[in-house]
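**Student:** Starting off with a structure, shown below.
The values are calculated or read from the model by the stated rules, or taken from the named source; none is laboratory data. Model, not experiment: these values are computed from the prediction. All Cβ positions, even for glycine, are placed from backbone atoms using ideal geometry, and neighbour counts span all protein chains on display. Only protein heavy atoms, including side chains, enter the accessible area calculation; ligands, DNA and RNA are left aside. Shrake-Rupley method; radii C 1.70, N 1.55, O 1.52, S 1.80 Å.
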Amino acid sequence: MRSLIWGAGAIGGTLGAYLARAGNDVTMVDTVVEHVDAITRGGLRVTGPIDEFTVRVPAFTPQTLSGTWEEIILATKAHHTGVAVRALRPHLTPGGFVVSAQNGLNELAIADVVGAERTVGAFVNFGADYLEPGVIHYAGHGAVVIGEIDGRITPRVNAIRDAWHQFDPRAIVTANIWGYLWGKEAYGAMLFATALTNESIADALAMPAYRHLYIALARVVLTVAAARAVQPESFDGFDPSAYLPAAPAGAAERSLDALVAHNRRSAKSHSGIWRDLAVRKRPTEVDAQLGIVVKLGAEAGVAAPLTARLVALIHAIERGARPQSLDTLDALAATPHTVTS
């Protein structure tokens with residue numbers, strides 16, 4: 001398979017390195033010049049508890065790239081989707097398509113630029129981090145799912161799955177990619193809450209004092225999904241049905257226990273959100289991932305004040321107006337948890 005990976009960071013770098021190592025024709029694009037230069041000089045190195053290897057792949061910045069591809073895998077941060085998809089469009093063949101290997105509901109933005117028929121959804125939940133130019137840390141396995149955004153099972157999604165089996169043999173095709181993406185939105189709301197602190201994902205999710213808050217955050221997102229006629233899917237310990245008001249007593253707590261166990265198996269202790277705030281000191285994906293939930297909820301008649309408060313607190317940390325601390329998580333917990341629709 002011949003693929004262009006647009007965004008060679010944690011997700012794109014890991015996936016692209018495995019595809020290249022398996023013999024696929026892979027080209028990488030990234031906006032970080034130092035990263036592109038390092039890959040060009042010495043290859044892309046994957047390190048961590050799962051694997052250690054280096055692959056030689058051609059790498060370019062958007063300004064130095066030429067040529068066209070039938071498959072472009074978009075793996076940028078969610079808030080860079082609009083700029084990236086407009087930049088990659090000239091490199092897409094007339095019959096080509098874009099696969100969104102990102103966090104969030106970015107397929108909506110991609111389809112606005114290249115068309116729904118040229119947009120393929122993907123759900124990725126493995127743990128990885130960009131460490132330094134030319135080096136990606138692959139820390140933990142997670143679900144990998146591919147699907148057409150209109151729910152069809154097509155030859156191209158089957159071909160993508162077959163190729164991605166070279167990265168993770170458990171990769172699957174689904175007729176409900178939106179269910180996985182909205183499920184990740186609900187889990188992602190919890191991850192944003194953990195990033196308000198300096199606790200690890202597992203330690204934060206394990207804290208009894210905040211479990212009511214995590215349940216409420218997930219429930220808001222799931223309520224918006226239901227209003228959009230989406231049936232969220234389970235993955236890696238996250239069971240969406242467990243967070244609904246009609247769930248059996250203790251179901252959400254059992255799902256949280258499973259998420260804690262899943263995260264303790266990973267060498268990636270903190271989320272990429274936390275890393276953006278604490279290490280890289282840069283804006284997070286909060287508007288593109290959770291701000292859109294507030295917006296879509298309002299359109300559907302679902303108020304989401306708890307989600308909106310979480311977005312505001314993340315922005316406060318980005319500005320340096322609040323620390324990452326349990327006190328900041330307490331400020332979120334003080335927000336009314338009621339979901340109204």
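**Student:** For helix 251-264, report the angle its Cα long axis makes with the longest principal axis of the Cα atoms of the chain; keep it between 0 and 90° and round to the nearest 10°.
**Tutor:** Helix 251-264 and the main axis of the chain meet at about 40 degrees.
**Student:** Compute the acute angle (0 to 90°) between the alpha-carbon long axis of helix 305-319 and the principal axis of greatest extent of the alpha-carbon atoms of the chain; round to the nearest 10°.
**Tutor:** That helix lies at roughly 60 degrees to the long axis.
**Student:** Could I have the simple spin-label model distance between D37 and K295, label points 7 Å from Cα toward Cβ, reported in nm to one decimal?
**Tutor:** Spacing of the two 7 Å Cα→Cβ label points: 3.6 nm.
**Student:** What does the accessible area per residue of the range 1-57 come to in Å², with a 1.4 Å probe and no ligands, DNA or RNA counted? Please report the intermediate quantities before stating the final value.
**Tutor:** On the way: 2170 Å² over 57 residues.
Counting only protein heavy atoms, the per-residue value for the range 1-57 is 38 Å².
**Student:** Give me the percent of the accessible area of the chain that comes from carbon and sulfur atoms, probe 1.4 Å, all protein chains in place.
**Tutor:** Result for the chain: 54 percent of the exposed heavy-atom area is carbon or sulfur.
**Student:** Additional query: Can you tell me the orientation of helix 10-21 relative to the chain, as the angle in degrees between its alpha-carbon axis and the longest Cα principal axis, to the nearest 10?
**Tutor:** 40
**Student:** Rolling a 1.4 Å sphere over the protein heavy atoms, what is the accessible area per residue of the range 196-267, to the nearest Å²? Mind showing how you got there, number by number?
**Tutor:** Working: 3020 Å² over 72 residues.
Each residue of the range 196-267 exposes 42 Å² on average to a 1.4 Å probe.
**Student:** When only alpha-carbon atoms count, how far does the range 233-318 stretch along each of its three principal axes, as whole angstroms with the largest first?
**Tutor:** Result for the range 233-318: principal-axis Cα extents of 40, 39, 18 Å.
**Student:** Same structure, new question: Between rounded, prolate and oblate, where does the range 195-341 land on the alpha carbon gyration tensor, with a ≥ b ≥ c its root eigenvalues, rounded for a/c under 1.5, else prolate if a/b exceeds b/c?
**Tutor:** Values: a/c = 1.64, a/b = 1.15, b/c = 1.43.
Note, shape of the range 195-341 comes out oblate.
**Student:** Follow-up question, since we're still on this one. What's the center-to-center distance, using Cα atoms, between the range 265-280 and the range 164-211 in Å?
**Tutor:** Cα centroid to Cα centroid, the span is 13 Å.
**Student:** Checking the cross-link filter: which lysines have an alpha carbon closer than 21 Å to that of K295, excluding same-chain neighbours under 8 positions apart?
**Tutor:** Straight-distance partners of K295: K77, K184.
**Student:** Rounded to the nearest whole Å², what accessible area per residue is found for the range 122-188 with the 1.4 Å probe?
**Tutor:** 32
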